[in-house]
Amino acid sequence: MSKSTQIIAHSSKTAQNQSLQALELQALYEISMLIGKAVDLEVTLYEILKTLHDTLQMERATLVLLDKTSEKLKIKASYGLTKEEEARGVYELGEGITGQVFKNVCPFVVPDIRNEPMFLNRTRSRDHLLTKEKLSFIGVPVVLNNAPIGVLSVDRLFGPEVSFEEDIRFLTVVATLIAQFFRLNQAIHLKEELLIEENRSLKAEIQARYGTHNIIGVSKAIRDVLLSVERVAQSRATVLISGESGTGKELVARAVHNASPRKAGPFIKVNCAALPAELLESELFGHERGAFTGAVGLKKGRFELADGGTIFLDEIGELPLSLQPKLLRVLQEYEFERVGGTNTIHVDVRVIAATNRTLEDAIQQGMFRADLYYRLNVVPILLPPLRNRPEDILPLTDFFLKKYCQMHGRSITLSPAVLQAFMAYSWPGNVRELQNFVERLVIMSESDVVELHALPPFLQNACKCGYEIAQEVSGAGQGRSMPESIQMLERRKILDALHRNRWVQSRAAKELGLTLRQIGYKIKKYDIKPEDVGR
């Protein structure tokens, strides 16, 4: 070979080596990115092995791990093997090439598997290739905490320009990344287990103290509500429960009744918004025979039926003005007359009322009596909306999921992305909306694992919006200062509050803890227009 020919050959080999190194760097970058955004262990391992195939033409990339239960090596992930072939890939410690790599914690190269008796071909995935071409096999140990946990192996069709040492070096780096991925995964699982155990202990503590209330939640707001329930239950005081629709006001009312000395007595519910005014008086106080057309007999009202127990007046803000004096008399004197009657009836009843209206506004509008309000509001209990206690979303979701899976004979789990969407969404319908949505997922889901793409757009958008807001507050990727990010978050909160309250600024201000003047100033400051609300 002439000198010029040698120079050309050397230059060609150098170029090939540089190209190979570039591909290796690309593969390592892609593997690092996969590990950095990993959610599912098995999916990520599959993608790592697929990268070895796609980038460097490494065939039948396989990860074998030690099964501590059986003390055998089993295939955990592969690319290029069928499920049946994977199932056959089981090795005793020290058995075959794979067992030797694990036992000796040392790489092993087989230049031609046809000439190596220790190569077992246990998976039989290469049967169609053994008579056609020279096939090489490389295995390197996967080491974690100075002990082997598995073996990473690939097949190669080697040409003269590629050395075994180069691939061993590269695969050892990949095996190290995989080991670090397992370390990270173990740490995440350990943290999850600690959180689950902490949550379980907290639930047990709450259940031990408030076990009869069936109120799910771990937030301070819910704990405060439960403490109020315990304190007020032993008295006869009237309770006014306020909160948005769907927050669980009836559940709290039942909790007060069940924790009280009256728990053996009746619990009677009346929805003041469900009946017309001309029928509501009869429902509450009863009527005598002939009191009006159709009154063919004596009828006891709900107050009489609740004697010795509790009456729950839901949607009390919808009670007609004409009935409010009569209710006030019952609260003060515990007596009333039936419609069309003259006999005074005395009752021993505990009154619990609930409203999703702001009764102070109704008083100013002349729709509710101030004296009745003060008589009802002896012990106020405020149920905050679900968006103000996001830490209760996951416990509630878990409770409803188990309930409806058992009811409908399903086994459904929610992916981390779905749970993140649940946490990011504002739930304007509160616990009732969450409950109904979880039941719908259990009934309608086509898969046993609900992924983000299966959710309706408003939940998917909530997840994206929550991520974007988190990014904005941290100033990441946007080049914004912290004050600018906080202002964007404040603008979004004002927009959401106005949207929920249909641009009624007084209600939005109250929800946000602002005065009407303050919210007006901020609307002007952030140039918020009615057409912006809901975007």
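The values are calculated or read from the model by the stated rules, or taken from the named source; none is laboratory data. Keep in mind that what you see is a predicted model, and the values were worked out from it rather than measured. Counting neighbours? That spans all protein chains shown, and the Cβs are built from the backbone with ideal geometry, glycine included.
Screening Tyr373 against (1) assigned by TED's automatic domain parsing to the domain that holds Asp314; (2) farther than 18 Å from Glu244 by Cβ; (3) surrounded by fewer than 20 Cβ atoms within 10 Å (Cβ to Cβ); (4) not acidic (Asp, Glu) leaves a single unmet condition, (3).
Tell me, yes or no, whether segment 333-342 has at least one residue that is within 20 Å of Ile381 (Cβ to Cβ), surrounded by 15 or more Cβ atoms within 10 Å (Cβ to Cβ) and small (Gly, Ala, Ser). Taking every residue of segment 333-342 in turn, none turns out to be within 20 Å of Ile381 (Cβ to Cβ), surrounded by 15 or more Cβ atoms within 10 Å (Cβ to Cβ) and small (Gly, Ala, Ser). Scanning segment 101-111 for residues that are in a loop (DSSP other than H, G, I, E, B) and aliphatic (A, V, I, L, M) returns a single hit, Val105.
Selection of segment 301-332 for residues being surrounded by fewer than 19 Cβ atoms within 10 Å (Cβ to Cβ) and of a type in the set (Lys, Arg) yields Lys326, Arg329.
Residues that are out of contact with any strand residue (DSSP E or B) (no Cβ under 6 Å at 6 or more places or on another chain) and hydrophobic (A, V, I, L, M, F, W, C) within segment 352-392 comprise Leu359, Ala362, Ile363, Met367, Phe368, Ala370, Leu372, Val378, Leu383, Leu386, listed in sequence order.
Conditions tested, residue by residue: (1) more than 21 Å from Glu133 (Cα to Cα); (2) of a type in the set (A, V, I, L, M, F, W, C); (3) in a helix (DSSP H, G or I).
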residue	(1), (2), (3)
Thr44	yes, no, yes
Leu49	yes, yes, yes
Asp54	no, no, yes
Ala61	no, yes, no
Leu66	yes, yes, no
Ile75	yes, yes, no
Gly99	yes, no, yes
Pro117	no, no, no
Leu120	no, yes, no
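Determine if segment 354-372 includes at least one residue that is hydroxyl-bearing (Ser, Thr, Tyr), part of a helix (DSSP H, G or I) and in contact with a helix residue (DSSP H, G or I) (Cβ under 8 Å, 6 or more places away or on another chain). Checking segment 354-372: not a single residue is hydroxyl-bearing (Ser, Thr, Tyr), part of a helix (DSSP H, G or I) and in contact with a helix residue (DSSP H, G or I) (Cβ under 8 Å, 6 or more places away or on another chain). Only one entry of Ile206, Ile149 meets the criterion of being of a type in the set (Val, Ile, Thr) and modelled with pLDDT of 75 or more, and that entry is Ile149.
Cβ-Cβ contacts under 6 Å between residues 6 or more apart (or on different chains), taken from a first residue in segment 50-64 that is within 16 Å of Thr98 (Cα to Cα) to a second residue that is aromatic (Phe, Trp, Tyr), are listed as Ala61/Tyr79.
Picking from residues in segment 111-138 that are in contact with a Leu (Cβ under 7 Å, 6 or more places away or on another chain) and modelled with pLDDT of 85 or more, the one that is nearest to Ile75 (Cα to Cα) is Thr123.
Scanning for something in contact with a helix residue (DSSP H, G or I) (Cβ under 7 Å, 6 or more places away or on another chain), under 20 Å from Leu45 (Cβ atoms) and surrounded by fewer than 17 Cβ atoms within 10 Å (Cβ to Cβ), does segment 90-106 turn up at least one residue? No: segment 90-106 contains no residue that is in contact with a helix residue (DSSP H, G or I) (Cβ under 7 Å, 6 or more places away or on another chain), under 20 Å from Leu45 (Cβ atoms) and surrounded by fewer than 17 Cβ atoms within 10 Å (Cβ to Cβ).
Annotation note: of Leu275, Leu313, Leu331, Leu323, the sole residue that is over 12 Å from Val347 (Cα atoms) and part of a helix (DSSP H, G or I) is Leu323.
Here's the yes/no breakdown for (1) within 28 Å of Val232 (Cα to Cα); (2) of a type in the set (Ser, Thr, Tyr); (3) not assigned by TED's automatic domain parsing to the domain that holds Ile241:
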| site | (1), (2), (3) |
| --- | --- |
| Lys300 | no, no, no |
| Leu319 | yes, no, no |
| Leu323 | yes, no, no |
| Tyr334 | yes, yes, no |
| Thr344 | no, yes, no |
| Val351 | yes, no, no |
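Per the listing Ala187, Ala179, the residue uniquely at pLDDT 85 or above and part of a helix (DSSP H, G or I) is Ala179. For segment 54-75, which residues satisfy the criterion of being under 14 Å from Ile138 (Cβ atoms) and either surrounded by fewer than 19 Cβ atoms within 10 Å (Cβ to Cβ) or of a type outside the set (Val, Ile, Thr) (or both)? Within segment 54-75, Leu56, Gln57, Met58, Glu59, Arg60, Ala61, Leu63 meet the criteria. Under the condition of being surrounded by fewer than 20 Cβ atoms within 10 Å (Cβ to Cβ) and either under 19 Å from Leu372 (Cβ atoms) or among the aliphatic types (A, V, I, L, M) (or both), the residues counted in segment 238-262 number 3. Leu414 falls short of the stated requirement of being modelled with pLDDT of 85 or more, surrounded by 17 or more Cβ atoms within 10 Å (Cβ to Cβ), of a type outside the set (Gly, Ala, Ser) and within 30 Å of Val232 (Cβ to Cβ). Reported count of residues in segment 521-535, each being modelled with pLDDT of 75 or more, assigned to a helix (DSSP H, G or I) and surrounded by 14 or more Cβ atoms within 10 Å (Cβ to Cβ), is 2. Testing Arg432 on (1) in contact (Cβ under 8 Å) with a residue 40 or more places away in the chain; (2) part of a helix (DSSP H, G or I); (3) in contact with a Lys or Arg (Cβ under 9 Å, 6 or more places away or on another chain); (4) not assigned by TED's automatic domain parsing to the domain that holds Pro261, one condition comes back false. Which one is that? Just one mismatch for Arg432, condition (3).
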